[in-house]
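Some notes on the structure that comes next.
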Amino acid sequence: MCTFPQRLGLTLGTFAALAHAVWALFIAIGLAQPLMVGIMRMHFIEENRNVSDFFLGDAIVFIFVSFVIAYGFGWVLGTIWERVNKMK
């Protein structure tokens, strides 16, 4: 049985992993650099950095780590939420 902290952790973790998977896909197909430059220009920032080459292993680690960190934040937030609501 999933408790609220577990569900919230899974929700936030999945969202973060999907967002980072989309970013990794943009890097793989060559859309990340123009997207980043366009976003920076909209904010009046001159950005002279380049997006690195795509490596599948790095992308997998990137997605996994973002899931784990977001899951942890969700679990902590859900635990705090449950304890605060029990106090009422």
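Things to note:
- Restriction of the chymotrypsin sites (Phe, Trp or Tyr not before Pro) in region 9-48 to DSSP coil positions whose beta-carbon has at most 11 other beta-carbons within 10 angstrom yields PHE44.
- Of the trypsin sites (Lys or Arg not before Pro) found in region 1-52, the ones in coil according to DSSP and having at most 11 other Cβ atoms within 10 Å of their Cβ are ARG49.
- Charge-dipole axis of the chain as Lys and Arg at +1 and Asp and Glu at -1 on Cβ define it, positive-most pick from GLN6, PHE44, VAL65: GLN6
- Given (1) 17.5, 52; (2) 13.3, 48; (3) 11.6, 38, the label whose value is Rg and Dmax of the Cα atoms in Å derived from this model: (1)
- Placing a label point 7 Å from the Cα of LYS86 along the Cα-to-Cβ direction, the residues of region 1-23 whose backbone N falls under 14 Å from that point are 3-6.
- Kyte-Doolittle at least -0.5, axis length at least 18 Å by Cα - qualifying DSSP helices, the chain: 4-29, 56-87
None of the figures in this text is laboratory data; all of them are computed from the coordinates on show. All of these numbers come straight from a predicted model, not from anything done at the bench. A quick note on method: Cβ atoms are made from the backbone with ideal geometry, for glycine too, and the neighbour counts reach across all protein chains shown.
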